[in-house]
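Note sheet for the following structure.
The values are calculated or read from the model by the stated rules, or taken from the named source; none is laboratory data. If you're wondering where the values come from, they're calculated on a predicted model, not measured in any experiment. No Cβ is skipped: glycine too gets one built from the backbone with ideal geometry, and neighbour counts run over all protein chains shown. When the accessible area is computed, the model is the full protein with side chains, heavy atoms only, and any ligands, DNA or RNA have been set aside. Shrake-Rupley method; radii C 1.70, N 1.55, O 1.52, S 1.80 Å.
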Amino acid sequence: EQARSTMEMVGSVTAKDTDADGDVDQIILTVANALEGEAIDLTTTTDADSDGLLSDEAVKTHVMIVTYLDKNQRVEDIAWTKTQVGRGDSDNLLEPGEKMELTISLTAVSPVLAAYGTFTLELKPDKGSTITVQRTMPAKVDTIVDLK
């Protein structure tokens, strides 16, 4: 059952500077159901206090945990949202043939991710394998940076 509900990353990883201050505010990536198997629950929790953490919310509905790591910190259960990409039924389940774009907020990260910074994201769904994404920022942080 665990292997039948594994997701995979498809496409590139994008860093986004939403306020033009030279620091990365969001990481964006797309995931799909890897084995055409069981649906993966991507229900989200609203970050009501906008602090970038889901662990402190009064009502938690998410089951996937996203963790951010770099040389200075490990931030568990950071805020993320999802958007259906392409065909799908617009529910919270990542089903065979569907893709979801995940936007991971770095509001809770301090010090911030800047030029030459290396980071790791761990996406841990309730079932299946953890996805580990490791990237290094280039010398200049633009509004949108493709981290390949």
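So, in segment 32-50, exactly how many residues are touching a helix residue (DSSP H, G or I) at 6+ places or on another chain (Cβ under 8 Å) and not in a strand (DSSP E or B)?
So the count comes out to 4.
Results for (1) more than 19 Å from Leu123 (Cα to Cα); (2) out of contact with any His (no Cβ under 7 Å at 6 or more places or on another chain); (3) not β-branched (Val, Ile, Thr), shown as yes or no for each residue.
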site	(1), (2), (3)
Met9	no, yes, yes
Ala15	no, yes, yes
Ala20	yes, yes, yes
Ile27	no, yes, no
Lys60	no, yes, yes
Gln73	no, yes, yes
Glu98	no, yes, yes
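Among the residues of segment 5-26, how many are open to solvent by 40 Å² or more (accessible area, probe 1.4 Å), among the acidic types (Asp, Glu) and in a loop (DSSP other than H, G, I, E, B)?
2
Select from segment 36-53 the residues that are surrounded by 15 or more Cβ atoms within 10 Å (Cβ to Cβ) and within 19 Å of Ile131 (Cα to Cα) and write down the one among them that is modelled with the lowest pLDDT.
Per the stated criteria, the residue is Gly37.
Name the residue, out of Val85, Val141, Val75, that is farther than 19 Å from Val31 by Cα and under 16 Å from the mean Cα position of the chain (by Cα).
On the way: Val85 fails: farther than 19 Å from Val31 by Cα; Val141 fails: under 16 Å from the mean Cα position of the chain (by Cα).
From the options Val85, Val141, Val75, the qualifying one is Val75.
Considering Leu69, Leu29, which residue is over 27 Å from Pro96 (Cβ atoms) and part of a strand (DSSP E or B)?
None of the others qualify; the one that does is Leu69.
Counting only residues that are of a type outside the set (D, E, K, R) and within 15 Å of Ile27 (Cα to Cα), which one in segment 117-128 is modelled with the lowest pLDDT?
Only one residue tops the list, namely Gly117.
Which number in (1) under 28 Å from Lys140 (Cβ atoms); (2) assigned to a strand (DSSP E or B); (3) not β-branched (Val, Ile, Thr) marks the one condition that Met100 misses?
Evaluating Met100 over (1) under 28 Å from Lys140 (Cβ atoms); (2) assigned to a strand (DSSP E or B); (3) not β-branched (Val, Ile, Thr) leaves (1) as the failure.
Looking at Thr67, Thr83, Thr103, Thr46, which one is out of contact with any strand residue (DSSP E or B) (no Cβ under 6 Å at 6 or more places or on another chain) and of a type in the set (Val, Ile, Thr)?
After applying the criteria, what remains is Thr46.
Looking only at residues in segment 124-138 that are under 15 Å from Asp70 (Cα atoms) and open to solvent by less than 20 Å² (accessible area, probe 1.4 Å), which one is farthest from the chain's Cα centre (by Cα)?
It comes out as Met137.
Can you tell me which of Asn72, Asn92 is open to solvent by 30 Å² or more (accessible area, probe 1.4 Å), among the polar types (S, T, N, Q) and more than 19 Å from Gly128 (Cβ to Cβ)?
The match here is Asn72.
Considering only residues that are free of Cβ contacts under 8 Å to residues at least 40 places away in the same chain, open to solvent by 30 Å² or more (accessible area, probe 1.4 Å) and assigned to a strand (DSSP E or B), which ones fall in segment 75-89? If you could, list the steps in order and put the result at the bottom.
Of all residues in segment 75-89, those free of Cβ contacts under 8 Å to residues at least 40 places away in the same chain come to 75-81, 83-84, 86-89.
Adding the requirement that they be open to solvent by 30 Å² or more (accessible area, probe 1.4 Å) leaves 76, 81, 83-84, 86-89.
Hits for segment 75-89 are Thr81, Thr83, Gln84.
Can you tell which of Lys99, Lys71 is more than 19 Å from Val10 (Cα to Cα) and of a type in the set (D, E, K, R)? Let's see the steps before the verdict.
Details: Lys99 fails: more than 19 Å from Val10 (Cα to Cα).
Among Lys99, Lys71, only Lys71 is more than 19 Å from Val10 (Cα to Cα) and of a type in the set (D, E, K, R).
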